[in-house]
1. Just checking, how many residues over region 115-129 are within 26 Å of Y170 (Cα to Cα) and part of a loop (DSSP other than H, G, I, E, B)?
2. Go through region 177-215 and give me each residue that's touching a strand residue (DSSP E or B) at 6+ places or on another chain (Cβ under 9 Å) and in a loop (DSSP other than H, G, I, E, B).
3. I'm checking my understanding of the structure. Among residues of region 49-71 that are small (G, A, S) and within 14 Å of the chain's Cα centre (by Cα), which one is farthest from A110 (Cα to Cα)?
4. Would you pick out the residues in region 146-177 that are touching a residue at least 40 places away in the same chain (Cβ under 8 Å) and touching an Asp or Glu at 6+ places or on another chain (Cβ under 7 Å)?
5. What are the residues in region 80-114 that are among the polar types (S, T, N, Q), in a loop (DSSP other than H, G, I, E, B) and surrounded by 15 or more Cβ atoms within 10 Å (Cβ to Cβ), if any?
6. Could you tell me whether any residue of region 25-37 is crowded, with 22+ Cβ neighbours inside 10 Å, assigned to a helix (DSSP H, G or I) and in contact (Cβ under 8 Å) with a residue 12 or more places away in the chain?
7. Just to be sure I understand the filter: pairs with C-beta atoms under 8 Å, separated by 6 or more residues or on different chains, first member in region 191-211 and free of Cβ contacts under 8 Å to residues at least 12 places away in the same chain, second member part of a helix (DSSP H, G or I) and loosely packed, with under 15 Cβ neighbours inside 10 Å. Which pairs pass?
8. Here are some residues: D10, D48. Which one is touching a His at 6+ places or on another chain (Cβ under 7 Å) and surrounded by fewer than 21 Cβ atoms within 10 Å (Cβ to Cβ)?
Amino acid sequence: MKKIFITATDTDAGKTFVACALTQALINVGKKVAVYKPIAAGCQQVGDLLVNEDAQLLSQFSNCKQSISEVNPITLAAAIAPHIAASNENRAISIEEISQGFSKVTSLKAEVVITEGAGGWRLPIYINNNIGKSAKKHILLSDFAQDTKQDVILVINMKLGCLNHALLTYQAIIADGLQCIAWIANTASDQVMPYLNENIASLEQLLPMPKIAQLDFYNEKSMSLNDKINAAANKIDITHLL
């Protein structure tokens with residue numbers, strides 16, 4: 001089983017778009033792919049469940065017959081930092097809870113499990129405000145990726161400042177003892193970055209792992225979201241992942 005964690009240089013970089021497209025690209029070559037989005041902040045009440053729009057979209061692309069609760073076990077109503085949203089709901093998010101959900105996904109015996117992170121690499125999921133030697137330290141979502149030894153794909157939001165954000169994120173992933181196996185350039189805004197091609201060329205020189213796709217979420221505005229994802233799937237070079 002190959003385990004891939006999707007992270008990004010910042011929030012709203014297109015992680016869900018990339019995770020869906022990557023899932024579809026792997027399914028297109030006959031792979032059984034399960035998906036996991038452990039935490040989602042910004043959910044709507046649907047019946048008895050809090051449902052996140054991105055998690056719901058991701059769940060549609062798995063070919064392992066997963067329920068929305070299996071895909072996204074931790075849901076928070078407010079669209080704010082997860083540790084703050086959880087605190088407002090008088091709950092705490094733990095690595096154990098996230099790992100239990102991941103174990104359920106891996107039990108499906110998929111060939112590939114795609115996990116979509118939240119925010120960037122160093123997203124806090126718990127911060128202990130009590131000072132003392134016995135106080136539990138803060139917890140980051142990257143701790144979960146470390147514990148489960150997942151390979152990482154970095155989604156780079158192509159905008160001013162992305163070179164610095166990409167290098168810092170890559171260095172943090174490596175410092176955590178994980179492999180960053182690929183990166184994807186994604187234009188996640190309707191504002192095209194000045195000198196886009198030159199910045200991508202710079203990243204190709206600065207980052208040692210291969211670029212496996214250049215995507216434009218806002219391209220082809222007449223296309224439906226699912227059609228955009230399917231078109232993006234055809235642009236991803238998955239040979240480095242298999």
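1. Initial filter on region 115-129 (within 26 Å of Y170 (Cα to Cα)): 115-127.
Add one more test, that the residue is part of a loop (DSSP other than H, G, I, E, B), and what stays is 117-123, 127.
Here the count works out to 8.
2. Correct list: L178, Q179, A188, S189, V192, M193, L207, P208, M209, P210.
3. A55
4. Hits for region 146-177 are N157, H165.
5. S94
6. yes
7. Close Cβ pairs satisfying both conditions: none exist.
8. D10 is the lone residue from the list that is touching a His at 6+ places or on another chain (Cβ under 7 Å) and surrounded by fewer than 21 Cβ atoms within 10 Å (Cβ to Cβ).
Where a number appears in this text, it was derived from the coordinates with a stated rule and is not lab data. Values in this document were obtained by computation on a predicted structure and should not be read as measured data. Here Cβ is always computed from backbone atoms with ideal geometry, including for glycine, and neighbour counts include all displayed protein chains.
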